[in-house]
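The structure appears below as structure tokens.
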Amino acid sequence: MGKIRICVAGATGWVGRALVPAILKSEDFVLTGAVARRAAGRKICDITGIPGNETTVTASLKEALASGADVLIDYTSPSAVRTNVLKAIENGVNVVIGTSGLTDMDYGEIDRSASIKGVGVFAAGNFSISAALALHFSEIAARYMKSWEILDFASENKVDSPSGTALEMAHRLSGAGKPNLEVPVDHTAGYRESRGATINGIQVHSIRLPGHVLGVRAEFGSPDERLSISFDAGAGPEPYIEGTLLAARKVMQMKGLKRGMDLLLDL
Ligand SMILES: NC(=O)c1ccc[n+]([C@@H]2O[C@H](COP(=O)([O-])OP(=O)(O)OC[C@H]3O[C@@H](n4cnc5c(N)ncnc54)[C@H](OP(=O)(O)O)[C@@H]3O)[C@@H](O)[C@H]2O)c1
């Protein structure tokens, strides 16, 4: 089998700057496209300092896909990702979505388009192994505990809220049923907003402060006992690279949308 041809949208970003060198150094991938606006026109080998790949960064995905790609990996921005994903599907290209900010409605549309086109799309709110474990353990806990809420931590600069990691947690925990709420949120006396957003029937509380990078904590309560399951990322992008590349290998065999890094692990 030949190498898997990868196009990276967001090639010069915080994640992209670590992802592109990992692709260039891998044995089973070849980079055929790179998207970013400010670096458009520059060669990837000049940006990374790694010789041997003549791909030029383009501002538009359309141009980047013209060189041929099996998989688009998107790490751009909440405002760019939906259009990019639908464009790739339209071109018969499988997609790995790292970018956060898509809603369940967006994912529904993406799933329908990918199924019709017969391509695979894999999305994970968090591609790190420890976040995948936190998700998996939380799903187990939700089967046995009575109530749960989600705390979402990120840096002061994060524009989307809640984070993709927290949204994915809410999406998955909703599969375990509704958490018990003794006082319905709408019956809150005082400030209703202090109870957070209700997402998939679960209260999600987003905290944006300097000193945080990205974390999520599922808080579970049953009469007279409580359980916390939390994940905290450090300052570097390394935790997301291995999971993203694993997804790029596996998405080639998928049809339609699949979500959640834990699905790719043998848990
Ligand atoms: N799922 C996960 O595990 C995970 C992990 C980390 C981050 N994320 C998410 O991934 C996304 C990217 O994160 P990041 O920290 O790498 O962001 P970043 O540093 O801001 O990088 C964004 C990249 O996308 C490009 N870009 C943005 N908008 C674009 C557009 N409209 N057209 C073309 N290129 C565009 C940027 O270059 P130009 O601005 O020059 O165009 C840059 O290369 C965020 O949504 C973040 O929350 C997810």
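The values are calculated or read from the model by the stated rules, or taken from the named source; none is laboratory data. Not measured: the values here are computed from a predicted model. Note: ideal-geometry Cβ built from the backbone for every residue, glycine included; neighbour counts use all protein chains shown.
Just checking, which of G221, G243, G215 is surrounded by 14 or more Cβ atoms within 10 Å (Cβ to Cβ), of a type in the set (G, A, S) and assigned to a helix (DSSP H, G or I)?
G243
Being within 16 Å of the ligand (Cβ to nearest atom) and in contact with a helix residue (DSSP H, G or I) (Cβ under 7 Å, 6 or more places away or on another chain) is the filter; apply it to the range 134-143 and report the residue that is nearest to S230 (Cα to Cα).
Within the range 134-143, the subset within 16 Å of the ligand (Cβ to nearest atom) is 134-136.
Cutting the leftovers down to in contact with a helix residue (DSSP H, G or I) (Cβ under 7 Å, 6 or more places away or on another chain) gives us 135-136.
Values: L135: 9, H136: 11 Å.
Per the criteria, the residue is L135.
Just a yes or no: is a residue in the range 200-212 surrounded by 11 or more Cβ atoms within 10 Å (Cβ to Cβ), at negative phi and in a helix (DSSP H, G or I)? Show your work before the answer.
First, pick out the residues of the range 200-212 that are surrounded by 11 or more Cβ atoms within 10 Å (Cβ to Cβ): 200-208, 212.
Filter once more, keeping what is at negative phi: 202-208, 212.
Filter once more, keeping what is in a helix (DSSP H, G or I): none.
Checked the range 200-212: no residue is surrounded by 11 or more Cβ atoms within 10 Å (Cβ to Cβ), at negative phi and in a helix (DSSP H, G or I).
Just to be sure before I move on: is A154 touching a residue at least 24 places away in the same chain (Cβ under 8 Å), within 25 Å of the chain's Cα centre (by Cα) and farther than 23 Å from P78 by Cα in the structure I sent? Working first, answer last.
Numbers: touching a residue at least 24 places away in the same chain (Cβ under 8 Å): yes; within 25 Å of the chain's Cα centre (by Cα): yes; farther than 23 Å from P78 by Cα: no.
Criteria not met by A154.
Listed by position, the helices (runs of 4 or more DSSP H) enclosed by the range 1-77 that each have at least 3 residues that are in contact (Cβ under 8 Å) with a residue 12 or more places away in the chain and over 21 Å from the mean Cα position of the chain (by Cα) are 44-48, 61-65. P210 fulfils the conditions (1) in contact with a strand residue (DSSP E or B) (Cβ under 8 Å, 6 or more places away or on another chain); (2) touching a residue at least 40 places away in the same chain (Cβ under 8 Å) except for a single criterion, (1). When the criteria are applied in full, S130 meets the requirement of being within 15 Å of the ligand (Cβ to nearest atom) and either on the phi < 0 side of the Ramachandran plot or touching a Lys or Arg at 6+ places or on another chain (Cβ under 6 Å) (or both).
Just give me the residues in the range 138-155 being closer than 24 Å to D266 by Cβ and buried (at least 16 other Cβ atoms within 10 Å of the Cβ), in sequence order. Let's see the steps before the verdict.
Of all residues in the range 138-155, those closer than 24 Å to D266 by Cβ come to 138-144.
Result: S138, E139, A141, A142.
Please indicate, with yes or no, whether at least one residue in the range 186-193 is of a type in the set (V, I, T) and surrounded by 13 or more Cβ atoms within 10 Å (Cβ to Cβ). Within the range 186-193, not a single residue is of a type in the set (V, I, T) and surrounded by 13 or more Cβ atoms within 10 Å (Cβ to Cβ).
For the range 39-86, which positions are of a type in the set (D, E) and under 18 Å from V251 (Cβ atoms)? Walk me through it before giving the result.
Step one: filter the range 39-86 for residues of a type in the set (D, E), giving 46, 54, 63, 70, 74.
Answer for the range 39-86, where residues must be of a type in the set (D, E) and under 18 Å from V251 (Cβ atoms): D70, D74.
Scanning the range 67-78 for residues that are in contact with a strand residue (DSSP E or B) (Cβ under 8 Å, 6 or more places away or on another chain) and not acidic (D, E), we see that the one that is farthest from the ligand (Cβ to nearest atom) is G68.
Please work out which residue is nearest to A154 (Cα to Cα), limiting yourself to the range 203-251 and to residues that are of a type in the set (G, A, S) and in contact with an Asp or Glu (Cβ under 7 Å, 6 or more places away or on another chain). Even if it seems obvious, please write down each step before you answer.
So the first thing to find is which residues in the range 203-251 are of a type in the set (G, A, S), and the list is 206, 211, 215, 218, 221-222, 228, 230, 233-236, 243, 247-248.
Now restrict to residues that are in contact with an Asp or Glu (Cβ under 7 Å, 6 or more places away or on another chain): 206, 215, 228.
On the way: S206: 8, G215: 6, S228: 18 Å.
Ranking the candidates gives G215 first.
Would you check if there is a residue in the range 173-182 being more than 20 Å from S138 (Cβ to Cβ) and either among the hydroxyl-bearing types (S, T, Y) or in a loop (DSSP other than H, G, I, E, B) (or both)? First the steps, then the outcome.
In the first step, residues of the range 173-182 are kept if they are more than 20 Å from S138 (Cβ to Cβ); the result is 182.
Imposing the further condition that a residue be either among the hydroxyl-bearing types (S, T, Y) or in a loop (DSSP other than H, G, I, E, B) (or both) reduces the set to 182.
Within the range 173-182 (the criterion being more than 20 Å from S138 (Cβ to Cβ) and either among the hydroxyl-bearing types (S, T, Y) or in a loop (DSSP other than H, G, I, E, B) (or both)), the answer is yes, since at least one residue qualifies.
In the range 79-103, how many residues are at pLDDT below 95 and more than 16 Å from the ligand (Cβ to nearest atom)? Result for the range 79-103: 0.
What number goes with the only condition from (1) among the charged types (D, E, K, R); (2) surrounded by 16 or more Cβ atoms within 10 Å (Cβ to Cβ); (3) farther than 22 Å from I150 by Cβ that D266 does not pass? Tallying (1) among the charged types (D, E, K, R); (2) surrounded by 16 or more Cβ atoms within 10 Å (Cβ to Cβ); (3) farther than 22 Å from I150 by Cβ, D266 fails exactly one: (2).
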